[in-house]
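**Q** Quick one: the structure is below, and I'll ask about it shortly.
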Amino acid sequence: MRTLVTLAALALPLSAQAAETGDLVRFVSCPVYRDADSGKKSGCWLATDPGSGQRWDVSQSPYKPNWDFAVLVEGRVSAASADPCGAPVLEPVRTSILPDPCTRHMLPAEGYKGRKFVLPPRNIQPLSVARDTPPGPYAERVFTTYFEFDRDFLVYQYDDYIIDKAVTWVRAAKPKKLVVTGFAATEPETVSGQMLAERPEVARERAESIALTLRRLLPELPVETKWELAAKPTDDPDADTIPGQSQRRAEIRAIF
Amino acid sequence: MAAADRFRRSLPLAGAALALILAVGARGNAPDRWWSPGEGRVLPASLDYANDHGVLRTLVVGGPLKTRGHPFFEPLGANGRACVTCHQPADAMSLSARTAQERWDATGGMDPLFAAIDGSNCPILPQGDKASHSLLLERGLFRIQRPWPVRTFNGQPVAPDFTIEVVRDPNGCNSAPGYGPNAGNVSVYRRVRPVANMKYLLAVGFAFDPKQGYALPLDPDDGKPQSGNLMADNRAGNLRLQMEDASSVHLEFARALTPAQIKRIQDFELSIYTAQQSSPAAGGGLDTMGATGGPAKLRDSQPGALGSIGTPVWSEFAAWDKISPEDAAKLTPQKLAFRQSVARGARVFRDKTFLITDSAGINSRMGFGNPVRNSCVFCHNMTQMGNDVAPGQVDLGTTTQPFADPWDDLPLFRITCLGQPHPHYGKVILTYDPGFALTSGKCADVGKITLQSMRGLAARAPYFSNGLARDLRGVVDYYERRYNIGYTEQEKQDLVNLMSVL
């Protein structure tokens, strides 16, 4: 048995064996839920890279797995302790639900406590809390929202936070119109032996989804939509240094 | 049956009236428990009615209210009903199955409550037969006929991303001539939602509907965001739309409500608060010994606060966790224990976490994950009311297989998703009530029902949109079965006691 483990370890890609803090990790696998219990939302999500055999703690994704489906994991190796969930941590991290079915797997806590819930930094205040007026001068500006792989669904405590900031700024800046451009990462890429590419239609869906939200929040302002395929990565800070996340976006451009 | 016939049948009711008095006498309550349309009574500023768990109090801001000529209390349409017919003060401005049974016994089924349009299982059935009204009498259910294909809130047509077929139609209202998807409609059966404490149900805490992934839709009348918490299927986004829907369907009012009528009804609905006020098991008022139960607190508080970042949900009863020895000495051991149980129930409600699985609106499409560990207040999160601060469309499985009880007296539909499968049920779904999907047109919304208000529960059994829980214990038992929570017997009783004093 020991020999088998050694051989398996030798077969691992070098990059996997030498993963260092800050390295980008990207793979597809079935998620595993660890039933850690430190109160609400404290359970752990784990996912094993089939290429390296390394199990990662992917719990910190703003959109979490569904144990019935595979996930595309994209994250950076963190120096954080493996103690909460029993696996080294990817953070920042994203876990996009894919259509491929998975068998449900749940591990007991096995002494791991998970993480006591704290509000993520991107959380919006109730409407009853007045927003500070952003200072001028105001000029053409772009706010960018981000999505799960191949989806147009506005991400809770991520996109709503960005849109809330955008709307607060727009109300102060009073641009002539908004142009929302949806992007899709349509160029095929092979991840864990699977070819992944977003549907071209999702670029338009993203633009229209964000435009609908903006029309509701800013009913007096014209909102136009455009869409682009073959999205390239950007270095926008709100994509949290994850290239794939930066490709799956919709840009809100304020035009004066 | 023609409405005129129903009226003629309703007139010679002296014997029935006597039976009514005897019936309410048997419950030990005042003889004016039932509010008939057009009777012209004055609605007091404060009105108490007894129920099995104590006394429910209804407050009317600006009351008393003369109901003579008031459009909420007058029979507007052809069938003799008024809004008050199904929104009775004694039943927390809803209608319990027990009250329906009493009205049947008192009137021999002649009360406008049992109008063929929706107070029977289907208008095609013989209306004089009690069995034709079994769903109302046994589970408090009214027939709700929705258009097919779907129309969204505010009446706009939607191309649904699913098909609907009738698997079983025990009452005929989904397959008889003029009824069913092939005739352009779908009939489902639902409980009456309370018309009270409305400022909470209309409150908007945040600008987004995180369950749908958009900003909240705007009210067509005032341009403000809509709460999405009025109707079981969110088909009416404001009170005007709700009352227009109700008057044309439930009251069979052939004309449109006038702006003056709409304003009077709306003003009334915004002025009325109801909650349990006292409990014999607690030894008296629910606003004593530091507790702040009862409707006055509801009337005087700001709506829309999220309990997790402000005043915790059901902290109205926190003081009963630490009743002073002096106060304790005033109570019997049983009454002291009941108050302590209520306080524990509030903590169980907030703090006892369990794995929530396969519930659209929670586990999808939002990013909480499936499963996610949380407690009752995850969804029942609004301070003082226990409804959802966000639009509360969630699928608990109460209307959809495999979780719903196998009731063969309800229609059963086969939903087939045309695009993406439902995230938890797959491509084909069997349901008694597609719920919010009949408004949104989305397969992913099948089975979602807007969270109920939790006030006045003691007065308005049975519970859930299709009345599956006959009593408060039934509510707890359903959640236990659905989510395998592992409540202890003490925790179950604590939750029942809590709900009995709301």
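The values are calculated or read from the model by the stated rules, or taken from the named source; none is laboratory data. All of these numbers come straight from a predicted model, not from anything done at the bench. Methodologically, a virtual Cβ is constructed for each residue, glycine included, from the backbone with ideal geometry; neighbour enumeration extends over all protein chains shown. Ligands, DNA and RNA are excluded from the accessible area calculation, which covers all protein heavy atoms including side chains. Shrake-Rupley method; radii C 1.70, N 1.55, O 1.52, S 1.80 Å.
**Q** A:SER96 - would you say it is more than 18 Å from B:GLY369 (Cβ to Cβ) and either within 19 Å of the chain's Cα centre (by Cα) or polar (S, T, N, Q) (or both)?
**A** Taking the combined requirement at face value, the residue does not satisfy it.
**Q** While we're here: Does the stretch A:133-151 include one or more residues that are within 12 Å of another protein chain (Cβ to nearest Cβ), under 23 Å from the mean Cα position of the chain (by Cα) and over 25 Å from A:LEU24 (Cα atoms)?
**A** no
**Q** Okay, moving on. For the stretch A:112-153, which positions are crowded, with 20+ Cβ neighbours inside 10 Å and not in a loop (DSSP other than H, G, I, E, B)?
**A** Hits for the stretch A:112-153 are A:PHE143, A:THR144, A:THR145, A:TYR146.
**Q** Somewhere in the stretch B:296-306, is a residue in contact with a strand residue (DSSP E or B) (Cβ under 9 Å, 6 or more places away or on another chain), of a type in the set (D, E, K, R), away from chain A (no Cβ under 14 Å) and under 30 Å from B:PRO37 (Cβ atoms)?
**A** Yes, the stretch B:296-306 contains at least one residue that is in contact with a strand residue (DSSP E or B) (Cβ under 9 Å, 6 or more places away or on another chain), of a type in the set (D, E, K, R), away from chain A (no Cβ under 14 Å) and under 30 Å from B:PRO37 (Cβ atoms).
**Q** Taking the stretch A:169-194, which residues are within 22 Å of the chain's Cα centre (by Cα) and more than 16 Å from A:GLN247 (Cβ to Cβ)?
**A** Across the stretch A:169-194, the qualifying residues are A:VAL180, A:SER192, A:GLY193, A:GLN194.
**Q** Being within 13 Å of chain A (Cβ to nearest Cβ) and small (Gly, Ala, Ser) is the filter; apply it to the stretch B:307-330 and report the residue that is farthest from A:SER42 (Cα to Cα).
**A** Filtering first and then ranking leaves B:GLY310.
**Q** Here's a follow-up. From the list A:VAL5, A:VAL25, pick out the single residue that is more than 12 Å from chain B (Cβ to nearest Cβ) and either at pLDDT below 95 or not in a strand (DSSP E or B) (or both).
**A** Within the list A:VAL5, A:VAL25, the selection yields A:VAL5.
**Q** Going by the conditions given, is A:LYS226 basic (Lys, Arg), within 21 Å of A:ALA254 (Cβ to Cβ), open to solvent by less than 60 Å² (accessible area, probe 1.4 Å) and in contact with a strand residue (DSSP E or B) (Cβ under 6 Å, 6 or more places away or on another chain)?
**A** no
**Q** Can you say whether B:ALA196 is over 23 Å from B:GLN384 (Cα atoms), in a loop (DSSP other than H, G, I, E, B) and in contact (Cβ under 8 Å) with a residue 12 or more places away in the chain, as far as the supplied structure shows?
**A** For B:ALA196, the condition - over 23 Å from B:GLN384 (Cα atoms), in a loop (DSSP other than H, G, I, E, B) and in contact (Cβ under 8 Å) with a residue 12 or more places away in the chain - is not met.
**Q** Right, another one. If you take the residues of the stretch B:445-502 that are among the polar types (S, T, N, Q) and part of a loop (DSSP other than H, G, I, E, B), which of them is most open to solvent (accessible area, probe 1.4 Å)?
**A** B:ASN484
**Q** Output the number of residues of the stretch A:45-72 satisfying the condition of being open to solvent by less than 40 Å² (accessible area, probe 1.4 Å), facing another protein chain (nearest Cβ under 9 Å) and assigned to a strand (DSSP E or B).
**A** 2
**Q** Of all residues being out of contact with any Gly (no Cβ under 7 Å at 6 or more places or on another chain) and closer than 30 Å to B:VAL446 by Cα in the stretch B:331-353, which is nearest to the other protein chains (Cβ to nearest Cβ)? Just the residue, please.
**A** Here the residue is B:ASP351.
**Q** Based on what the data block shows, is B:ASP388 within 14 Å of another protein chain (Cβ to nearest Cβ), more than 30 Å from B:CYS173 (Cβ to Cβ) and open to solvent by 40 Å² or more (accessible area, probe 1.4 Å)?
**A** Considered against the rule, which asks whether it is within 14 Å of another protein chain (Cβ to nearest Cβ), more than 30 Å from B:CYS173 (Cβ to Cβ) and open to solvent by 40 Å² or more (accessible area, probe 1.4 Å), B:ASP388 comes out as no.
**Q** Next question, about the same structure. What number of residues in the stretch A:156-200 are open to solvent by 10 Å² or more (accessible area, probe 1.4 Å), in a loop (DSSP other than H, G, I, E, B) and within 12 Å of chain B (Cβ to nearest Cβ)?
**A** 3
**Q** Do we find that B:ASN185 is touching a strand residue (DSSP E or B) at 6+ places or on another chain (Cβ under 6 Å) and either surrounded by 24 or more Cβ atoms within 10 Å (Cβ to Cβ) or within 14 Å of chain A (Cβ to nearest Cβ) (or both) in this structure?
**A** Considered against the rule, which asks whether it is touching a strand residue (DSSP E or B) at 6+ places or on another chain (Cβ under 6 Å) and either surrounded by 24 or more Cβ atoms within 10 Å (Cβ to Cβ) or within 14 Å of chain A (Cβ to nearest Cβ) (or both), B:ASN185 comes out as no.
**Q** Could I ask something else about it? Output the qualifying pairs, or none if there are none: Cβ atoms under 6 angstrom, residues six or more apart or on different chains, first residue in the stretch A:104-125 and closer than 13 Å to A:LEU46 by Cβ and away from chain B (no Cβ under 12 Å), second residue surrounded by 12 or more Cβ atoms within 10 Å (Cβ to Cβ) and at pLDDT below 95.
**A** From residues that are closer than 13 Å to A:LEU46 by Cβ and away from chain B (no Cβ under 12 Å), there are no pairs.
**Q** Something else about it: Within the stretch B:391-439, can you find the residues that are within 20 Å of the chain's Cα centre (by Cα) and among the small types (Gly, Ala, Ser)?
**A** Passing the criteria: B:GLY392, B:GLY397, B:ALA404, B:GLY435, B:ALA437.
**Q** Could you grab me the full set of residues in the stretch A:120-160 that are of a type in the set (Lys, Arg) and in contact with a strand residue (DSSP E or B) (Cβ under 8 Å, 6 or more places away or on another chain)?
**A** Passing the criteria: A:ARG141, A:ARG151.
**Q** What pairs can you find where one residue is in the stretch A:54-76 and over 13 Å from A:TYR33 (Cβ atoms), the other is part of a loop (DSSP other than H, G, I, E, B) and among the charged types (D, E, K, R), and their Cβ atoms are less than 7 Å apart, with a gap of 6+ or different chains?
**A** What qualifies is A:TRP56/A:ASP49; A:TYR63/A:GLU148; A:ARG76/A:ASP23.
**Q** Criterion first (farther than 28 Å from B:GLY361 by Cβ, touching an Asp or Glu at 6+ places or on another chain (Cβ under 6 Å) and not basic (Lys, Arg)) does A:ALA230 satisfy it?
**A** Judged against the criteria, A:ALA230 is a match.
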